[in-house]
Amino acid sequence: MARFIIRRLGQMVFVMFAVSVLVFLIFNVIPNSDPAVRMAGRQASESTIQAINKEWGFDESLPQQYITTMEKVFTGDLQSYITQLPVNEEIIKGIPRTFSLAIGAALLWMFVAVCFGLYSAVKAGKFADRFLTIIALIGISMPVFWIGALMNHYLGFKLGWFPNGGYVEFTEDPVDWFYHLILPWTALAILFIGFYSRVLRSNVLDTINEDYVRTARAKGLSERQILLRHVLRNSMIPIITLWGLDFGAVLGGGAILTETVFDLQGVGQYAADSIGQLDVPPVLAVTLFAAFFIVALNAVVDITYAILDPRIRLQ
Amino acid sequence: MSTPEAATEPPRPAGDEHLLSVHDLRVSFATEDGLVTAVDGVSFDLAAGEVLAVVGESGSGKSVTAMTLMGLTRSPNSEFEGTAHYKGTELIGANEDDLRRVRGAEIAMIFQDPMTSLNPVLKIGGQIIEQIQEHEALPDQQARERAIELLDKVGIPRARDRLDSYPHEFSGGMRQRVMIALALSCDPSILIADEPTTALDVTIQAQILQRIRELRDETGAAVILVTHDLGVVADIADRIAVMYSGRIVEQGTLDEIFYDPQHPYTWGLLGSITRVDRPRPERLPAIAGLPPSLGNRPEGCHFRPRCPHEFAKCIEVPPLEARQDKRPAHLDRCWLSAQQKRELREVRPGEIGLEKKAGAIQ
Amino acid sequence: MIRAIDYAREALCLAVCVAAPLWANKVAHTTPTENHLSDTIQINGETKNVVGLDGVPIGPTWHGEFFLGADPNGRDIMVRLLYGGRNSLMIGIVAAFLTTILSIVFGVIAGYFRGWSDSIIRAGLDVIWSFPVVILGVALGVALALGGIKLGPIEISGDSLWVPILIIGVVYVPYMARPIRGQVLSLREKEFVEASRAQGAGPFRIMFTEVVPNLTSTLLVFFTLLIANAILLEAALSFLGAGVRPPNPSWGTMIDDGIDRISTAPHLTIVPGVMLVLTVLSLNVFGDGVRDALDPRAKVRLER
């Protein structure tokens, strides 16, 4: 087991390295324009561009540029040339907000998706199943920023049931913190509920036909016990990997749309705000941050998987 | 579709209390290609403590029969007719709650493939204990002890430690023993074994069968052994029912079937057993042709297309009945006279078999 | 029987959603960029301003002109919807195409040859896979905005519609290439591939004639679902400003414009969103239906 963990962590480090190279390539190599001009953003002055050139060493060799870039990112030396704010600090400010959104939404969507998916599978073919399937399909067809904006406007602004966007620190007022997050959690969860409930439904329908479920039935176990202990447990295993990936994605700022629409000022929104002015440093940093998160969480999930499913440990 | 046969009451030996009485069982499934009858009028009895072997090819309906007794074939597209009486309970139409009480506790089943029949992510101890605790209110520690006892009884070494192992940590033969332990955990009156050795090595086969027989001797449970291998049956069965294409075509004691078989299909089965005490034949003897597809059975006797002794009367479904006065419990479905049967089944002096039917390709 | 009617209905819905925008210029009475700021139109005998004196544009009139209302610049929403739809759909379909082609190439090579090429391709896919889809799209969008990209002899400007197509096309490759690779891995062990090899067919020939045709059902289902996701991603990126750029219309940019004025003119947000949902939904339902129809497990299980 320990060997497996070490191996997996080693893989993780390697992928992180590859990711950082790709980010470097995206921002500094692939596009067809002067990197210094790009880094400066829209409407940059000539002096800024020259300063950037010196700072980043764009006349040096590519590997050297890579090292310079990574140094700047990891030593907190990265700065936006448009807002003049240090990027890493802004990201750190946004982390609790992004995390609050991500964790709440992830728990919500998992819980609801499991209920919907399981119920749908048990009632397969009947009206309840068709109904839930259509709801799920609508869920995955809706752009999250659109439904989020509509919810925010109608439920928040017009009806006043919920606050009209914004974020309250947990340390200030936990209840208000929660209250402000209900709509964003729901909006973000809708898409995932649609997807996960269908995947679970499909897994459950497969598992129900397995031989060991037949054995369980032959043992005289109650349907409820068969469903929960044998069917659900085995069906959930592949879902957990998927969930890990998606959770990692939203933790790292992948919920950029939801954050923007509800004005949560999280890590994702920081990147979104930088788009208009083509402010590269924040976008670069957030991209790296998000990817690292996913890679790390991926490793954690794989290790958890190995704990849950004993067969994996042999590999 | 087969023509409905006249319901024949198989004669019961006087004064016997049968543990299980199956009468005219029919099981059909609605498929995309129409209604398909897997079991077409099966009747038999099982006495306490006896071993009944149900022998037949794939598609003969033997597994469906066994699973139907436990209610495992129930689904929205299955239909059942007939009865199966077990200790006063009617199994076929029973509601789920009653059936659940019977399953595992009174009638237990072991399946063909022990690898897929055990839940791969749960420890085997847990899988045994959950069955015990479902039917008996035993506290955890005692249930654990019983589980260890059971594993011991089926011959698993270091049972106490292995309780916390996972199925994939056992070999095929060991897994099947675990399945047997599971099945016997609540002291059932009937053990149904559905091809228990098919997925195992020949050497392990003998061990498993012996274990089943020993356990039968110890616990007094009756055994229904479903298999396609007549050789497996010889050591362990008391009675044999030969199934073909959804029907029982011959039924009798071990000796009756092996030494005085009445149905051409049985002759074919016996003839196809390769014998070590005879000179090697040029080709492996086999019954020519294939069993009919479930939706497309011939009228009358289902074995007609492959039977070299077919004659005019075979268009009528032969009822399952005793055709020899001295043996009221030896039943068969063949219109041939006893004399004809005696002559036709000897393909070579002293050898029972079935000639190839000319042009019998399905 | 019922299934056939369901499919026909869905296909029709899909056809309408797709066809209408593609024929936008025939249907529309004006261009998507033309301003009708100071115009008035007649509805039921009344004369109304297209854009009111307070800057609030007219809502849906359900009549010939300005069927679904106007936007603050006096542009006809219905017209913009159709033209924007053309962009959104085109981007979605072409991007999905791009993804499919790339996935087939990488997936088949990785799955068939295994060894080195497999490791490299898989590592590459894993790396792309490690980014949240929208964030990667934003990153590429921002990076390529100023100067565009140069692929060998081809130069694509930062404002071209090809930029979002390229971005979306590349971002989704791992999601399709992996399953394809998985299928190729099992297909290559099948007898007909062995037979072909025994006949002396070279690897590329085998891939084309034996492996790829067996992937068609998977490809078909994936392609449909890809278009749906590509359209959603394009809308998301355009909404954020990293996809389609103004004044080019797209459903995403329309929603972005609309949200600013949601209290006074909600139709600006609702209309393009509904259109988006309907189109993506019909694609998803269709793709789902296709997957069900091709699923061999749909048959009843008969006992041995």
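Read the figures in this text as sums done on the coordinates, not as results from a lab. Note that the coordinates shown come from a computational prediction; the quantities given were computed from them, not determined experimentally. With ideal geometry, Cβ positions are generated from the backbone for all residues, glycine too; neighbour counts draw on all protein chains shown.
Quick notes on this one:
- Kirkwood Rh, Cα atoms: Rg over Rh of segment B:162-220: 0.96
- Largest to smallest principal axis extent of the C-alpha atoms in segment B:248-344, angstrom: 39, 36, 22
- Peptide C:121-131, shielding by other chains (average Cβ, 10 Å cutoff): 6
- Net dipole in debye of chain A [+1 Lys, Arg Cβ; -1 Asp, Glu Cβ; about Cα centre; nearest 20]: 1880
- Fewest-first ranking of C:Asp288, B:Asp217, using other Cβ atoms within 10 Å as the exposure measure: B:Asp217, C:Asp288
- Amide H contacts under 5 Å for A:Gly41, placed H, 5+ residues apart: A:Val280
- Cα coordinate range in segment A:2-75, projected on the principal axes (Å, largest first): 55, 23, 21
- In terms of surrounding Cβ atoms within a 10 Å radius of their Cβ, B:His330, B:His85 rank from fewest to most as B:His85, B:His330.
- Ordering of B:112-119, C:180-187 by packing is B:112-119, C:180-187, highest average first (other Cβ atoms within 10 Å, averaged per residue).
- Pair-distance distribution P(r) for chain B, from all Cα-Cα distances in 20 Å bins starting at 0: 28, 56, 16, 0 percent.
- Over segment B:58-196, volume per residue of the alpha carbon convex hull, in Å³: 122
- Contact order relative to length of chain B, as percent, for alpha carbon pairs under 8 angstrom and 6 or more apart: 20
- Scattering profile of the protein assembly as shown at q = 0.05, 0.07, 0.08 Å⁻¹ [log10 I(q)/I(0), Debye over alpha-carbon scatterers]: -0.44, -0.77, -0.92
- Take each residue of peptide A:269-276, count the partner chain Cβ atoms within 10 Å of its Cβ, and average: the result is 4.
- Greater than 32 Å apart at Cα, pairs in B:Lys87/B:Lys123; A:Lys126/A:Lys158; B:Lys87/B:Lys313; A:Lys219/B:Lys326; B:Lys62/B:Lys153: B:Lys87/B:Lys123; A:Lys126/A:Lys158; B:Lys87/B:Lys313; A:Lys219/B:Lys326
- A cut-off of 5 Å between modelled amide H atoms, ignoring neighbours fewer than 5 places along the same chain, links B:Gly246 with B:Gly61.
- Cα-projected label distance for A:Leu25 with B:Asp140, points at 7 Å along beta-carbon direction, nm: 5.4
- Within segment A:86-168, trypsin sites (Lys or Arg not before Pro) in DSSP loop having at most 16 other beta-carbon neighbours inside 10 Å: A:Lys123, A:Lys126
- Of B:Thr227, B:Thr65, B:Thr83, the one that fluctuates the most in a GNM where chain B has Cα springs shorter than 10 Å: B:Thr83
- Just checking the listed ones, B:Gln141, B:Gln133, B:Gln207: in the Gaussian network model of chain B with Cα springs under 10 Å, the one fluctuating most is B:Gln141.
- With neighbours defined as other Cβ atoms within 10 Å of a residue's Cβ, the residues B:Ile156, B:Ile240 order from fewest to most as B:Ile156, B:Ile240.
- Using C-alpha pairs under 8 Å with a sequence gap of at least 6, the mean separation divided by the residue count of chain A gives a relative contact order of 26 percent.
- Its residue count N sets the reference 2.2 N^0.38 Å, and the alpha-carbon radius of gyration of segment C:137-264 equals 1.47 times that reference.
- Cα shape, chain A, gyration tensor, a/c 1.5 rule: oblate
- Using θ = phi - 60° and Karplus 6.51 cos²θ - 1.76 cosθ + 1.60, couplings along segment B:256-272 (whole Hz; Gly, Pro as x): 4, 5, 6, 9, 9, x, 10, 10, x, 5, 4, 4, x, 4, 5, x, 8
- Summing charges over neighbours of C:Glu210, with a neighbour being any other residue whose Cβ is under 15 Å away from its Cβ, gives +1 when K and R count +1 and D and E count -1.
- Mean sequence separation of contacting Cα pairs (under 8 Å, at least six apart), scaled by the length of segment B:248-344, corresponds to a relative contact order of 34 percent.
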